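I have placed the structure first, in the form of structure tokens, so that the comments after it can refer back to it.
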Amino acid sequence: MSSQLGQLRLISSVALRNLWLDRFRTTIIGALIAFGAFLAVIGLSLLNDVRASMRASITQSVAGDLQIYSANAKDSLTLFGGGGFMGRADIGNLPDFAPYRDEILRHPNVAAFVPMGLDMAVLARGNELDDSLDALRSAIKGKDSAIIAGRVEQVRFQLEQVGLELTARRQLSADQAELEQQERDLKVAAAPEFLQDVSKIGEEKLQFLETRIAPLSGEKLPTYIQYFGTDIAAYLANFPKFHLIEGTLLGPGERGIMLSRKVRDEQLKNSVAKIFDKIHKRLTKRNQSIAGDDECRRFASDLKKQYQQILSYLDRADAEELSRKLTDLGIAAVGGDELVQRLSHQLTMFLTVDDSNFEQRYSWFYANIAPKIRLYEVSPGQTITVRSYTRSGYIKTLPLKVYGIYNFDGLEDSDLAGVLSIMDLVSFRELYGQMTEASRRELDVMRAQVGIKDVSAENAETDLFGSERPATTVAANDKKEAAEPLSVKPRLADQFDPQEVQRGLALNAAIKLKDSGKEERTQQELLAALENRGLKANIVGWQKASGIVGQLVNIVGGTLLFALAIIFLVAFVIVNNSIIVGTLNRTREIGTMRAIGAQRSFIVNLFLAETGITGFFGAISGTALAVLVIILAGRLGIPAGNDIVTFIFSGPRLYPRVHWTVVTTAPILITIVATLASVYAARHAAKIQPADATQEKE
Amino acid sequence: MTAVVRISSVEKIYPLGKTQVHALSGIDMDIQEGEFTTIAGPSGCGKSTLLNLIGCMDVPTSGEVYIEGLPIAKLSDRELTKLRLEKLGFIFQSFNLIPVLTVFQNVEFPLLLQGRFSRAERQQKVTALLAEVDLTAQQGQRSSELSGGQRQRVAIARALVTGPRIVLADEPTANLDSATGERIIELMKTINRTHKTTFIFSTHDPQVMRQAGRIIRLKDGKVVTGQDS
């Protein structure tokens, strides 16, 4: 035993001395291994951090740890950016989720069950004149003549602009007859007496403006919104990444929607503000310049065409004031007395930006223009109209009150995950096409009003013809109601019984676990438990459920591991070569050892010991350096350079942590790998013949 | 007397490009236990080849070499190595100490390879031998700090530490001045007498040859004189 120890001591002491004797080479190899260890520890730690933060972002925003959905699904569940036909995946539904929930909640590792339904719909959008007419309509209801006068003035100012647009269109339009009709309509509306007497602005005039004039101001492209309906109370209690930015939370039993900030910023914000924001972001966050960046140049050239987006929101007084302010800013008014033309020109000049004036124009816009226009098409408190194609194919339109604007912390800028809006489950079911309690009741009321009743065969004659009631009167009174398809405008109450979301239809549900480390085991156990009860369903983990967003972690990880593999391969080759070259200088020494009785294995062990020791100390120092860097980076945070990195980091900065599993296993593994890397070279050295001991040094 | 080394019809042919070099051809000889034998001859005559064969560092192309009656031609590399470790000692022309080890460690090295002695036993053996070659004072030094004569004495101690039956020395005095060389041969002779160790060494120095008990002369791979004593 003591002699084996002696041999080990001999090997290590010869190895150490050789390393010292050859310190330059030792340092190079050690540094190489240290560099590899440094990259491996940093890379793997960051990967763990990214994985953890993305996991948190995804599981704590929508996905939960597991997702359950119908066993009859045709497509697989994809929470973010998924979809089958027209972006809508057919994942079937759970007609009543309650039995599933009850069974799942029985599992000791399940913390919560949150029913959901994912879908998309069209957000109906009016143009600026529609908005002004809406405002006028509510002012008339309010009966404050000063306010009404203000609104009338705004409408008139916009009619002037419509007039200019029509004149411009005259040169382009092929259908002169239609155009002349439009001009006649506008002439009627723009006549001073049409809106003169505030008390005489009745429904008829308003409808004329809405149906004949407003469409002349152009249609806006419809906006698709992706949303999910859920049991809001359960959702808010279990998904901490939800972050309300503006407005109020949707309460239990309230019908409404909370819009994603990203969707609102990108699709429902005034386009002048939007372009200003985009340029500003590229200049500040990416250090670009307008002159030097194609994208910025394109934005800048779009910007100066957007003056209409400011003009159409102003009334005459605001327009006069803005024109004056712009003149003060040094943008002189040209083009005569005509306010619209004058201001159009001034705004075009104002919106012509370059590197020298951009920051000034940007802040001037937000200080002086933004407060006068409607910055967002939709704001909390407003009611929007959402139109969906139900599963049975007909169109369902539903007014929804916007409660708040929110984002998911960490997924703010994600094109896929950052665009979901959230509504209550009752509204969701309505848009999905399911007959809810409320619409059933409403339908009953309508039936009663219209006079529909069940008629049995034997009483048919009496019921239908023998009645003394003047049935025609009823029909006449309700003609308007009856003419409308019943499903088109269900007037759902703004409130519902919170019990309605405790059972009934859901498309899928998030399952939150107490110990998320046991995700796969719990998944299997839940499936088995449901099976036992005769309940069939699909249960998938968060990563699968979140589709490509969840896969991104794997892609990032795979890329990193690939890069590490390449680095190690290169290090492998360099270590190997350097040892083989080293053996050439040591032929006589090795030959001597062999001559005086050292077995080949002794030589192999000696060489392995040499790289093992170099590898160990290299790996330890590389790891130590990596730990220092991680600690430092953990204090300062690593800034995310662009949107993709922001998404991968799940926030603007990543604060890396020291992962002790990585720190302890990486140096051991690297030492082993470095040692194994020298096996070939060591065997090569062991082939030196004892007779080579007599070779003279050259 | 028994022959510790027997060489029987040994031929050694090295390939050299497309031709072959007959380093040794038809060598027959016995070396008895306790002999102090020198192999002499001009360079290229096959001295080193013959020593390598006796030293089990090489195997003959044909014929057989017996060490204490054991034929070596069929032995594996592992068995040859073991044979070298247990029965043979080596002294090299350029001393061939392991540069990174001290005098003591160099001498201890074969004992550690043998792996059957305790630390105390090793200490005792090494110290005794170092005293015998008069290097007790230098035992902690590196070989690079020693003179040529001192280095060769370390090499002698290393060759003897395992108690080998045969010590082979390839031109042990070639890198030493004549006075030192003489003292080294003197030392080897003393050990030959006291330990009964068989010494076989090569040289081309007539002064050294004169010290030998038997001279085997080689020329062009063949034994010229001293075929058998």
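The values are calculated or read from the model by the stated rules, or taken from the named source; none is laboratory data. In this text, all values refer to a predicted model and were calculated from it rather than measured experimentally. Note that each Cβ is placed from the backbone with ideal geometry, even for glycine, and that neighbours are counted across all protein chains shown. These accessible areas exclude ligands, DNA and RNA; they are computed on the full protein's heavy atoms, side chains included. Shrake-Rupley method; radii C 1.70, N 1.55, O 1.52, S 1.80 Å.
Alpha carbons only, please: Rg and Dmax for the stretch A:270-372, in angstrom.
Just the Cα atoms of the stretch A:270-372 yield Rg and Dmax of 13.5, 43 Å.
How many percent of the accessible area of the stretch A:270-372 is carbon or sulfur, using a 1.4 Å probe?
47
If the chain between A:THR664 and A:GLN449 were fully stretched, how many nm would it gain, using 0.36 nm times the residue separation less the Cα-Cα distance?
Result: 69.7 nm gained on full extension.
Which residues belonging to the stretch A:1-39 lose at least 50 Å² of 1.4 Å-probe accessible area when the assembly is complete, relative to their chain isolated?
Relative to the lone chain, where solvent access is computed with a 1.4 Å probe, the stretch A:1-39 loses at least 50 Å² at A:SER3, A:ARG9, A:LEU10, A:ARG17.
If a/c stays under 1.5 just call it rounded; otherwise compare a/b with b/c (prolate if a/b is bigger, oblate if not). Do that for the stretch B:77-160, with a ≥ b ≥ c from the square roots of the Cα gyration tensor eigenvalues. If you can, show how the numbers build up before the last one.
Values: a/c = 1.93, a/b = 1.30, b/c = 1.49.
Judged from the Cα gyration tensor, the stretch B:77-160 comes out oblate (a/c at least 1.5, b/c at or above a/b).
Please list, by residue number, everything in the stretch B:134-173 whose backbone N is under 17 Å from a paramagnetic label point 7 Å out along Cα→Cβ of B:ARG193.
Label zone hits: B:134.
What does the structure give for B:87-94 when I average, per residue, the other chain Cβ atoms found within 10 Å of the residue Cβ? Before the final figure, lay out the partial values.
Working: counts 1, 3, 2, 7, 0, 7, 2, 7.
If you average over the peptide's residues, the count of other-chain Cβ atoms is 4.
With θ taken as phi - 60° and the coefficients 6.51, -1.76 and 1.60, list the Karplus ³J(HN,Hα) couplings across the stretch B:61-76 in order, rounded to whole Hz; mark glycine and proline as x.
Coupling constants for the stretch B:61-76: 5, 8, x, 8, 10, 10, 10, 6, x, 9, x, 9, 4, 9, 6, 6 Hz.
Taking the Cβ-Cβ separation of A:ALA528 and A:ARG653 as r and a Förster radius of 51 Å, what is the calculated FRET efficiency to the nearest 0.05? Before the final figure, lay out each step's value.
On the way: r = 43 Å, r/R0 = 0.84.
Plugging the Cβ-Cβ distance into 1/(1 + (r/R0)^6) gives 0.75.
Assuming R0 = 56 Å, what is the FRET efficiency of B:ALA128 and A:ILE28, from their Cβ-Cβ distance, to the nearest 0.05?
Efficiency for this residue pair is about 0.80.
Under 8 Å for C-alpha pairs, at least 6 residues apart: give me the relative contact order for chain A, rounded to a whole percent. Working shown, then result.
Values: 1031 pairs, mean separation 192.0, N = 698.
Relative contact order comes out at 28 percent.
From the phi angles alone, apply the Karplus equation (6.51, -1.76, 1.60; θ = phi - 60°) to the stretch A:12-21 and give each ³J(HN,Hα) in whole Hz, x where the residue is Gly or Pro.
Once θ is set to phi - 60°, the couplings for the stretch A:12-21 become 5, 6, 5, 4, 4, 5, 5, 4, 5, 4 Hz.
Measure nothing but the geometry: give the 0 to 90° angle between the long axis through the Cα atoms of B:148-160 and the longest principal axis through the Cα atoms of chain B, rounded to 10°.
80
Can you give the accessible area per residue of the protein assembly as shown, in Å², using a 1.4 Å probe? Walk me through the numbers before you get to the answer.
On the way: 43880 Å² over 927 residues.
Heavy-atom accessible area per residue stands at 47 Å².
Calculate the translational D of the stretch A:128-217 in whole µm² s⁻¹ from Stokes-Einstein, where the hydrodynamic radius comes from the Kirkwood formula applied to all Cα pairs, the temperature is 25 °C and the viscosity 0.890 mPa s.
Roughly 182 µm²/s, to the nearest whole number.
For A:ILE395 and A:GLU183, compute 0.36 nm times the residue count separating them, minus their Cα-Cα distance, and round to one decimal in nm. Mind dumping the intermediate values first?
Values: separation 212, 0.36 × 212 = 76.32 nm, distance 3.36 nm.
Separation in residues times 0.36 nm, less the Cα-Cα distance, equals 73.0 nm.
Could you work out how far helix A:316-328 tilts from the main Cα principal axis of chain A, as a 0 to 90 degree angle to the nearest 10?
Tilt relative to chain A: about 50 degrees.
Which trypsin sites (Lys or Arg not before Pro) in the stretch A:69-158 pass both tests, a DSSP loop state and at most 16 other beta-carbon atoms within 10 Å?
Loop-located and lightly packed - A:LYS74, A:ARG106, A:LYS143.
If DNA, RNA and ligands are ignored and the probe is 1.4 Å, what is the ranking of A:SER621, A:SER173 by accessible area, most exposed first?
The most accessible residue leads, giving A:SER621, A:SER173.
Can you give me the long-range amide H partners of A:ILE373? Hydrogens built in the peptide plane at 1.01 Å from N, cutoff under 5 Å, separation of 5 or more residues or another chain.
Residues meeting the amide H criterion: none.
³J(HN,Hα) across the stretch A:338-353 via Karplus (A = 6.51, B = -1.76, C = 1.60, θ = phi - 60°), whole Hz, x for Gly/Pro?
3J(HN,Hα) across the stretch A:338-353, in whole Hz: 4, 4, 4, 5, 4, 5, 4, 5, 4, 5, 4, 5, 4, 7, 8, 10.
How many percent of DSSP beta bridges within the protein assembly as shown run antiparallel, rounded to 5?
70
Using a/c under 1.5 as the rounded threshold, could you call the stretch B:18-121 rounded, prolate or oblate? The axes a ≥ b ≥ c are square roots of the C-alpha gyration tensor eigenvalues, and prolate needs a/b larger than b/c, oblate otherwise.
Prolate, because a/c is 1.5 or more and a/b exceeds b/c.
Scaled to the compact-protein estimate 2.2 N^0.38 Å, what is the alpha-carbon radius of gyration of the stretch B:3-225, rounded to two decimal places? Please report the intermediate quantities before stating the final value.
On the way: Rg = 17.3 Å, N = 223, 2.2 N^0.38 = 17.2 Å.
Against the empirical 2.2 N^0.38 Å value, I get 1.01 for the stretch B:3-225.
What is the set of long-range amide H partners of B:VAL224 at a cut-off below 5 Å, with H atoms built 1.01 Å from backbone N?
B:ARG217, B:LEU218, B:LYS219
Let me make sure I get this right: for chain A, a, b and c are the square roots of the gyration tensor eigenvalues over alpha carbons, sorted descending. Under 1.5 in a/c it's rounded, otherwise prolate if a/b > b/c, else oblate. Which is it?
Here chain A falls in the oblate category.
Angle between the Cα long axis of helix B:77-87 and the longest principal axis of chain B, 0 to 90 degrees, nearest 10?
On a 0 to 90 degree scale, this one is about 60.
If you average the sequence gap of Cα pairs under 8 Å that are 6 or more apart and divide by the length of chain B, what percent do you get for the contact order?
30
Given a 1.4 Å probe, show me the residues in the stretch A:589-606 buried by at least 30 Å² of accessible surface when comparing the whole protein assembly to the chain alone.
Listed by number, the residues meeting the 30 Å² cut-off are A:GLU589, A:THR592, A:MET593, A:ARG594, A:ALA595, A:ILE596, A:GLY597, A:GLN599.
How much length would be gained if the chain were fully extended between A:ASP197 and A:THR211, taking 0.36 nm per residue of separation minus their Cα-Cα distance, in nm to one decimal?
Difference between extended and current length: 2.9 nm.
Rounded to the nearest 100 Å², what is the buried accessible area between A and B, both sides summed, probe 1.4 Å?
Working: alone 35490 and 11060 Å², together 43880 Å².
Buried area between the two chains comes out at roughly 2700 Å².
Report in % the part of the accessible area of the stretch B:3-225 that belongs to carbon and sulfur, leaving out ligands and nucleic acids; probe 1.4 Å. Please list the in-between numbers first.
Details: 4480 of 9150 Å².
Of the solvent-accessible surface of the stretch B:3-225, carbon and sulfur hold 49 percent.
Can you give the FRET efficiency for A:LEU628 and B:LYS74, using 1/(1 + (r/R0)^6), R0 = 60 Å, r = Cβ-Cβ distance, to the nearest 0.05?
The pair A:LEU628/B:LYS74 has a calculated efficiency of 0.50.
Under 19 Å between alpha carbons, and skipping anything fewer than 8 positions from A:LYS74 in its own chain: which lysines qualify?
A:LYS536, A:LYS544
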